[in-house]
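Contents: one structure, followed by commentary.
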Amino acid sequence: MRRTVRSIGNKCKMKPAVVKTKEQHAEYLARIEELAMSDPAPNTSAGAELELLALLVESYEEKHFQFDLPDPVEAVKFRMMEQDLKQVDLVPYFGSRSRVSEFLSRQRPLTVAMIREISEGLGIPSDVLLQESVAPETTKPASDLEWNWLDFPVKEMLSRGWIALSSKKATPEETTTAVQRFIEQALGGAQAGVLTRRTFKGDAFTWQSVYSLTAWQARVLQKAAARDQWSSTKFCIEDMNEDFLRGLVSLSQFDDGPKRAVDKLAGIGVSVVVEEHLAKTKLDGAAMVASNGNPVIGLTLRFDRVDNFWFTLMHEVVHVWKHLSNPGEVFLDRLMDKESTEAVEKEANRLARDLLISRAAWKSANVRQFPTKAGIVAFAQEQHVHPAIVAGRIQKEQENYAVFSDLVGRGMVKHLFA
């Protein structure tokens, strides 16, 4: 079929025909854009031409172009942004806040009931929600994880006494054996392949640093396993309730509060291990499940400040409380100099802040708007927390770490665990 074009004044009007080629498609799109700019009324010849060209282009694109459906998670996030919804507003569709968080962080697939509720409540087509929403785990398959034991930070492991060699000129074979034994025993009772079953999460993890992070995690688990109280106490999630957590935070009032907190957590089967981070790993804390099913929290004390200790501890406690479930899972967190973008990490940050200082109390606090040293101390006493927690919160919100720096408890934590 041939196309004809005739001049109308200074304009050119097409005689529409079925679109069969890319050239026709491009030409029609250009004409549609030209007509749309003049915004013709539907009952005019230009309006009729615009409508017909649009139908012809749409028919061509349906046959020749493949448009992917929106991602389920992104579709829900778009609705949240569009309707100014928060995670709590989605609870009626999911059944609980933890399910909302797990879906948005691509850890939980949607059930048929959820799809029906979300489709009806948020107006998202069910065919969009039926797509895969769970992200592949950051656990490389065994075939991809060919561990080179000599790539571990051998010098640091030797200097810290984690491994021992017969001499400084030990053979590669001896070094390999020592490193492999240390890692596999600490991470899984010397079970072959245990490394491939771990699931890494959190902002501190990168595949480039996997050897150093794995060595650090192994040391933390090794130290936890050596503690009799933790090994003999079975963790029960019901013990970690809000009353327990409020009591935990209240220990921050004491100079030796960090030590008291570690003991309190050990009493319910949660081991807290302090181990300095290895070179080139900007790690602040970690939460993991050991092979016996008990949780372990690792802290590096990368910044020796009271406020940093309590925020990092409560962040990892939230992971234990809300997010950890299976042996082999580990959250590796960089909190103090990096803002997280992951939904689960954002939830842990928010809950940690709310546990340290309730949201209602903070919103109505005069010290938030007009901070003074006396006001910080007084508000901390009212909230039964250390003044460093209040001062650190003000520094964070003002993005000014010079103010009230004498109140954040610098140098008051590491010596407790020496």
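Structural remarks
- For region 240-312, the strands (runs of 3 or more DSSP E) that sit wholly inside it and include 2 or more residues that are in the same structural domain as A186 (by TED's automatic domain parsing) and at pLDDT 95 or above are 271-274, 295-299.
- Qualifying residue in region 341-353 (condition: buried (at least 23 other Cβ atoms within 10 Å of the Cβ), at negative phi and either part of a loop (DSSP other than H, G, I, E, B) or in contact with a helix residue (DSSP H, G or I) (Cβ under 7 Å, 6 or more places away or on another chain) (or both)): yes
- Qualifying residue in region 155-177 (condition: surrounded by fewer than 13 Cβ atoms within 10 Å (Cβ to Cβ), modelled with pLDDT under 65, farther than 24 Å from K280 by Cα and not assigned by TED's automatic domain parsing to the domain that holds F103): no
- Near pairs, Cβ below 7 angstrom, 6+ apart or cross-chain, from region 245-268 (under 16 Å from E316 (Cα atoms)) to any residue that is part of a helix (DSSP H, G or I) and small (G, A, S): L248/A261
- Of the residues contained in region 133-150, one or more are found to be modelled with pLDDT of 80 or more and in a helix (DSSP H, G or I).
- Residue count for region 23-79 under the criterion of being surrounded by 12 or more Cβ atoms within 10 Å (Cβ to Cβ) and not in a helix (DSSP H, G or I): the result is 4.
- Condition check for L195: at pLDDT 85 or above and more than 17 Å from L283 (Cβ to Cβ): no
- Within region 360-418, the set of residues being of a type in the set (S, T, Y) and either in contact (Cβ under 8 Å) with a residue 40 or more places away in the chain or not in a helix (DSSP H, G or I) (or both) comprises S364, T372, Y401.
- Yes/no for I118 being part of a loop (DSSP other than H, G, I, E, B), outside the structural domain of T175 (by TED's automatic domain parsing) and at pLDDT 85 or above: no
- Residue match in region 387-405 (condition: on the phi > 0 side of the Ramachandran plot, under 29 Å from the mean Cα position of the chain (by Cα) and acidic (D, E)): yes
- Condition met for L90 (surrounded by 15 or more Cβ atoms within 10 Å (Cβ to Cβ) and closer than 30 Å to K22 by Cα): no
- When the test is whether a residue is more than 25 Å from F103 (Cα to Cα), without any contact (Cβ under 8 Å) to a residue 40 or more places away in the chain and of a type in the set (K, R), K346 does not pass it.
- Subset of region 224-239 (residues that are crowded, with 16+ Cβ neighbours inside 10 Å and assigned to a helix (DSSP H, G or I)): A224, A225, W230
The values are calculated or read from the model by the stated rules, or taken from the named source; none is laboratory data. All values reported here derive from a predicted model rather than from experimental measurement. Cβ atoms come from the backbone with ideal geometry, glycine included; neighbour counts cover every protein chain shown.
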